Amino acid sequence: MISAEPFHRFSPDAQPGPIPPDRSRLKAVCGALIIVALTLVLSVTAFYTVCTGFSLHDDMGHLMLTQKTFFSGHPLYDQTYTRYGPAYYAWEQFLHAVTRLPLSHDSTLLFTSVSWVVIALLCAAFVARLGRNVLLVALTLFAVSGMLGVLRYEPGHPQEFCGLLLGGMLLCASFLTSRRRPAVLLGLIGFFVGLLGMTKPNLGVFAALAGCVSLLPLAPPGKVRSILFWLSAAAALILPMGLMHRNLAGFGGHCLLESAALLMVVIHLARLKPEGSFAWSWFGAALAGVAGGALAGIFYALATGSSLSGLAWGLWFQHAGFDQAFLIYPSFGLEDAFFSAGLAAGLWVVAGGDGLWPTAPWVPDAIKAGAGAGIVLAALLLNTSDAFLWCLPVAAATAGLTPRQSRSAFELAPRCFAVSLAVLLCLWGYPVWGPAQQGLSLFLLLPVAIVSCADAVRYGWKAGNADARPSVPTGAPDLTAPPLEPNGARRRRTAGRAVSYAATVGVIAVAWLQADRAVAAYKRLEPSGLPGSRFLHVPRGQADFYRRLIQAARAHGRSFFTMPGLGSLYLWADQDPPTSINPTSWMTLLTPHQQSKVVEDLQKRPDLCVICWNPMVTFWAHGQDISQNEIVRYIENNFITVESFNKCDIMVRRPGAGQTGASPAGP
């Protein structure tokens with residue numbers, strides 16, 4: 001926990017005690033300049049990385065197309081197909097209104113790179129307030145930014161807005177240590193939770209449950225607190241199995257890791273004995289914030305034309321069964337998870353069990369500090385899936401308090417909330433364990449681990465050294481002077497300060513090398529030359545391929561439909577799609593009613609051309625039989641291929657083909 005002394009300085013060797021104002025100001029300025037310099041370097045990396053290459057699955061194009069359709073007056077869910085909540089579209093509309101940038105690939109890439117850096121800064125600010133060490137802040141900024149590199153796979157995705165909301169929650173929680181306006185802070189956290197639920201409902205549920213599990217132990221003692229806490233804890237513990245029970249063959253390891261981590265966190269929270277408590281009225285403010293965020297999203301959707309039934313379908317009912325339609329399994333299995341969880345359980349008994357296994361005070365501190373450093377190194381050096389396998393249970397096991405830490409409710413709140421949020425958000429990767437989902441499941445564990453490491457050092461090694469220092473002799477003339485210390489201790493502290501600053505400079509140097517590599521990789525590719533994509537660089541021939549698709553479609557029809565959905569083509573061709581239902585994987589995601597609606601829309605376009613990109617059809621189908629899909633049958637029975645290149649078929653209507661529904665499938 002943070003000591004009661006005021007925050008005098010922002011430096012690697014922050015120590016309590018009086019500091020001359022000029023020296024304190026100089027250290028604060030130096031620390032701020034270091035973080036600003038690192039932020040600028042990481043911003044270069046983010047921008048050039050996001051603009052390097054173009055993902056063939058084109059989630060960016062799909063999401064931009066939904067924005068274009070919605071902003072042109074077609075209400076969400078009733079007329080514009082999307083799997084995401086209205087808060088995301090309100091955010092995108094706000095960004096374009098404030099920046100006055102048109103909807104394009106360039107503006108989307110720019111927003112993604114800025115979001116990448118801001119999320120990392122929010123996590124670093126959380127560590128700055130709790131860790132008070134410029135090296136740890138720089139390390140957090142660097143490590144989280146590296147983990148967020150997965151955003152390059154899906155620029156413009158709602159997960160960027162979700163990351164900003166989660167970072168905002170952490171920052172608000174860190175201010176609880178100030179004991180100022182806790183009701184306002186909890187209300188703001190609740191508002192962010194509500195907006196998160198109005199963007200990705202599953203993440204909203206995870207965040208709300210994290211808040212209940214972590215903050216209810218700090219409520220006034222009594223039966224009400226016990227009942228509410230154990231209900232929340234039970235919901236959290238059964239959540240992994242409840243989500244994954246239909247896919248345990250592939251997600252059994254993930255389910256075990258998550259369940260073990262949650263069990264360790266819940267037991268730790270149940271054993272807390274906080275000094276003081278949060279008033280019930282503050283919890284009421286948090287609930288009001290959640291309701292405010294949710295109602296803001298609902299009112300926005302209704303004000304822009306969505307119906308209540310459409311909103312209910314879009315937010316909840318359409319997601320039922322999604323884990324049967326599209327799956328990507330983790331690379332680790334049940335045996336790997338057993339070994340990792342067993343190791344973490346041993347660490348938890350010694351370092352995180354809060355007295356379950358009595359040891360010397362320095363043992364839990366040493367384990368926590370080593371585990372924090374190990375988590376950061378694993379995140380930086382291992383591939384994301386392997387890092388997740390080891391970091392999740394170890395972070396949960398070592399997130400407990402050190403023996404010397406304060407048990408003040410205000411000091412406990414941000415730490416308990418952060419670890420609960422990080423562990424529950426590790427469910428982000430279900431049911432699609434793709435590269436982006438792996439990184440986003442992991443990034444919140446980094447600030448949690450770094451704060452845990454900082455606490456272990458401050459209340460373990462440094463506190464032990466402070467206890468060993470000689471006291472000021474009785475009758476000393478200056479009673480306000482800091483304790484005397486031997487020359488050896490002073491030299492060690494000076495050496496430690498030098499090492500901290502050198503390590504911080506080293507972090508900036510490594511970030512500079514990464515930025516240089518990102519710029520070089522960007523320059524090795526060619527400018528796309530596609531409309532609205534001036535920033536985008538792609539491999540030789542990729543832009544020519546997309547241009548040829550557009551030219552072929554225009555040569556064979558005045559409008560076109562793509563299989564699978566390729567939203568970027570419509571934006572580059574400056575054409576409206578023939579239907580407002582345009583998911584990337586429409587072959588597996590759409591209901592029979594939606595399929596019929598698409599066929600009805602296609603029938604209204606006699607000059608329609610179909611672009612069928614066979615490798616991407618295979619990718620999105622994931623081995624599923626799509627022959628009975630009504631849209632697929634309609635295309636197969638009413639269109640013929642007139643041109644093929646790069647495994648892509650350009651199809652036009654059969655001569656004399658009727659424009660009434662889908663013909664019966666052949667034998």
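The values are calculated or read from the model by the stated rules, or taken from the named source; none is laboratory data. The structure presented is a predicted model; accordingly, all values stated were derived computationally and were not measured. Methodologically, a virtual Cβ is constructed for each residue, glycine included, from the backbone with ideal geometry; neighbour enumeration extends over all protein chains shown. Only protein heavy atoms, including side chains, enter the accessible area calculation; ligands, DNA and RNA are left aside. Shrake-Rupley method; radii C 1.70, N 1.55, O 1.52, S 1.80 Å.
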Kindly indicate whether any position in the stretch 495-503 is touching a residue at least 12 places away in the same chain (Cβ under 8 Å) and open to solvent by less than 30 Å² (accessible area, probe 1.4 Å). yes
Counted residues, the stretch 95-131 - those being over 30 Å from Ala369 (Cα atoms) and more than 19 Å from the chain's Cα centre (by Cα): 13
Test: Trp461 is farther than 22 Å from Leu185 by Cβ, among the hydrophobic types (A, V, I, L, M, F, W, C), part of a helix (DSSP H, G or I) and modelled with pLDDT of 95 or more: no
Which residue is nearest to Arg415 (Cα to Cα), if the candidates are limited to the stretch 218-246 and must be open to solvent by less than 10 Å² (accessible area, probe 1.4 Å) and touching a residue at least 40 places away in the same chain (Cβ under 8 Å)? Leu218
Looking at Val265, is it in a helix (DSSP H, G or I), without any contact (Cβ under 8 Å) to a residue 60 or more places away in the chain and open to solvent by less than 50 Å² (accessible area, probe 1.4 Å)? no
Is it fair to say Thr588 is at pLDDT below 95, open to solvent by 10 Å² or more (accessible area, probe 1.4 Å) and either within 30 Å of Leu536 (Cβ to Cβ) or not small (Gly, Ala, Ser) (or both)? yes
For Ser277: the one exception among (1) of a type in the set (Ser, Thr, Tyr); (2) free of Cβ contacts under 8 Å to residues at least 24 places away in the same chain; (3) outside any helix (DSSP H, G or I): (2)
Within the stretch 541-579, which residues are among the aliphatic types (A, V, I, L, M), free of Cβ contacts under 8 Å to residues at least 12 places away in the same chain and not in a helix (DSSP H, G or I)? none
Which pairs do you get when a residue that is at positive phi, found in the stretch 339-362, comes within reach of a residue that is modelled with pLDDT of 85 or more and open to solvent by 40 Å² or more (accessible area, probe 1.4 Å), reach meaning Cβ atoms under 8 angstrom, with the pair 6+ apart or on two chains? Asp354/Arg271; Gly355/Arg271
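Which of the residues belonging to the stretch 179-204 are more than 25 Å from Gln93 (Cβ to Cβ), open to solvent by 40 Å² or more (accessible area, probe 1.4 Å) and in contact with a helix residue (DSSP H, G or I) (Cβ under 8 Å, 6 or more places away or on another chain)?
Arg179, Val184, listed by residue number.
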Check on Thr69, open to solvent by 10 Å² or more (accessible area, probe 1.4 Å), β-branched (Val, Ile, Thr) and either on the phi > 0 side of the Ramachandran plot or part of a helix (DSSP H, G or I) (or both): yes
Which ones in the stretch 207-217 are buried (at least 24 other Cβ atoms within 10 Å of the Cβ) and of a type in the set (A, V, I, L, M, F, W, C)? Ala207, Ala210, Val213, Leu215
Picking from Ala476, Ala489, Ala520, the residue that is exposed (fewer than 13 other Cβ atoms within 10 Å of the Cβ), out of contact with any Cys (no Cβ under 7 Å at 6 or more places or on another chain) and at pLDDT below 80 would be Ala476
All-but-one check, Pro330 against (1) open to solvent by 40 Å² or more (accessible area, probe 1.4 Å); (2) within 29 Å of Asn247 (Cα to Cα); (3) outside any helix (DSSP H, G or I), failing number (1)
Check whether at least one residue in the stretch 146-166 is closer than 30 Å to Lys27 by Cβ, modelled with pLDDT of 95 or more, surrounded by 22 or more Cβ atoms within 10 Å (Cβ to Cβ) and under 15 Å from the mean Cα position of the chain (by Cα), and report yes or no. yes
